[in-house]
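Notes to accompany the following structure.
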Amino acid sequence: MGHPTLRTIADVYPVDRIGSVEFNELITDLRDTLAASGGIGLAAPQINISSKVVVIEIPVEETRYDQAISMPFSVFVNPRIEVINQEQQGYWEGCLSVPGLRGKVYRPQHIALEYLDQNGDAQQMELQGFLATVFQHEFDHLHGKLYLDHVRDTTQLSFEAEFLEFELDR
Ligand code: NI
């Protein structure tokens, strides 16, 4: 947080470069960084590449977010979100670019998604609940936004250690 790339609108990734050596290196870099950090999603601007590329991987054993949801390692290029239902729900979010903090963020819980996959093929997806939140968080990174921008109430901002000690009990 504080690096200008995180506050820059990322460039559309050139479709004709999907599958190139450069593209594959970017995906490998994102994948390795995500694995090393223990997160569930990473956007290219978080490794100082201002391109609209996101990777998400939610392990089956993931329990930090109190949701039994998983997703295999997936690549999302030039994603676009459409909100299907504006009704919002709050989740405690964290971010590898804002280490050590959690904050409660309210977002729409039913969205549609259009993107190109790792092979450059156009895909569509509909997401609800926690996954809708995860994708909105990651795609915000492509538009220069951080989850902190959405925290309405700073009493719902916590260090991770205190979050784990106190918030999960409420
Ligand atoms: Ni993040």
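Mind listing which chymotrypsin sites (Phe, Trp or Tyr not before Pro) in the stretch 25-128 are in a DSSP loop and have 10 or fewer other Cβ atoms within 10 Å? Could the numbers behind the result be given before it?
On the way: sites: Tyr65, Phe73, Phe76, Tyr91, Trp92, Tyr106, Tyr115; in loops: Tyr65.
Qualifying residues, ordered by number: none.
Calculate one ³J(HN,Hα) per residue across the stretch 77-93 by plugging θ = phi - 60° into the Karplus curve 6.51 cos²θ - 1.76 cosθ + 1.60, and present them in order as whole Hz with x for glycine and proline.
10, 6, x, 10, 10, 10, 7, 8, 9, 6, 4, 10, 9, x, 10, 7, 9
Can you pull out the GluC sites (Glu not before Pro) in the stretch 1-109 whose DSSP state is coil and whose Cβ has at most 10 other Cβ atoms within 10 Å? Can you show the working numbers first?
Numbers: sites: Glu22, Glu25, Glu57, Glu61, Glu62, Glu82, Glu87, Glu93; in loops: Glu61, Glu62.
Sites meeting the loop and neighbour criteria: Glu61.
Specify whether the C-alpha gyration tensor of the stretch 66-124 places it in the rounded, prolate or oblate class, a ≥ b ≥ c being the square roots of the eigenvalues: rounded for a/c under 1.5, otherwise prolate if a/b is larger than b/c and oblate if not. Numbers along the way, then the final one.
Values: a/c = 2.10, a/b = 1.38, b/c = 1.52.
Verdict is oblate for the stretch 66-124.
Mind checking the angle between helix 21-37 and the chain's longest principal axis? C-alpha axes, 0 to 90 degrees, to the nearest 10.
Between the helix axis and the principal axis of the chain, the angle is about 20 degrees.
How much length is gained if the chain between Asp11 and Phe73 is pulled fully straight, taking 0.36 nm per residue apart and subtracting their Cα-Cα distance, in nm to one decimal? Provide the component values of the computation, followed by the final result.
Values: separation 62, 0.36 × 62 = 22.32 nm, distance 2.26 nm.
That pair, Asp11 and Phe73, stretches by 20.1 nm at full extension.
State the extension gain, in nm to one decimal, for the chain segment bounded by Lys145 and Ile49, taking 0.36 nm per residue of separation less the distance between their alpha-carbons.
Details: separation 96, 0.36 × 96 = 34.56 nm, distance 1.49 nm.
Roughly 33.1 nm would be gained on extension.
Can you check what the net charge comes to around Arg31, using other residues whose Cβ is under 11 Å from the Cβ of Arg31 (Lys, Arg +1; Asp, Glu -1)?
Numbers: positive: none; negative: Glu25, Asp29, Asp32, Glu57.
Neighbour charge sum, excluding Arg31 itself: -4.
About its Cα centre, what dipole magnitude does the chain give when the only charges are +1 on Lys and Arg Cβ and -1 on Asp and Glu Cβ, stated in debye to the nearest 20?
Working: 12 positive and 26 negative charges, 82 e Å.
In total the dipole reaches around 400 debye.
Which whole-number percent is the relative contact order of the stretch 4-166 (Cα, under 8 Å, 6+ apart)?
Details: 306 pairs, mean separation 38.6, N = 163.
Here the relative contact order equals 24 percent.
Among rounded, prolate and oblate, which fits the stretch 4-166 when a ≥ b ≥ c are the square roots of the eigenvalues of its C-alpha gyration tensor, a/c under 1.5 means rounded, and a/b larger than b/c means prolate? Mind dumping the intermediate values first?
On the way: a/c = 1.63, a/b = 1.44, b/c = 1.13.
Prolate, since a/c reaches 1.5 and a/b exceeds b/c.
5 Å is the cut-off here: which amide hydrogens, built 1.01 Å from N in the peptide plane, fall below it relative to Gln89, excluding neighbours closer than 5 in sequence?
Counting only residues 5 or more places away or on other chains, the set is Arg107, Gln109.
Helix 130-140 versus the longest principal axis of the chain: what angle, 0 to 90°, nearest 10, using Cα atoms?
Compared with the principal axis, the helix lies near 60 degrees.
Every read-out reported here was derived from the displayed coordinates using simple, explicitly stated rules and does not represent laboratory data. Note that the structure is predicted; figures quoted are calculated from it, not measured. All Cβ positions, even for glycine, are placed from backbone atoms using ideal geometry, and neighbour counts span all protein chains on display.
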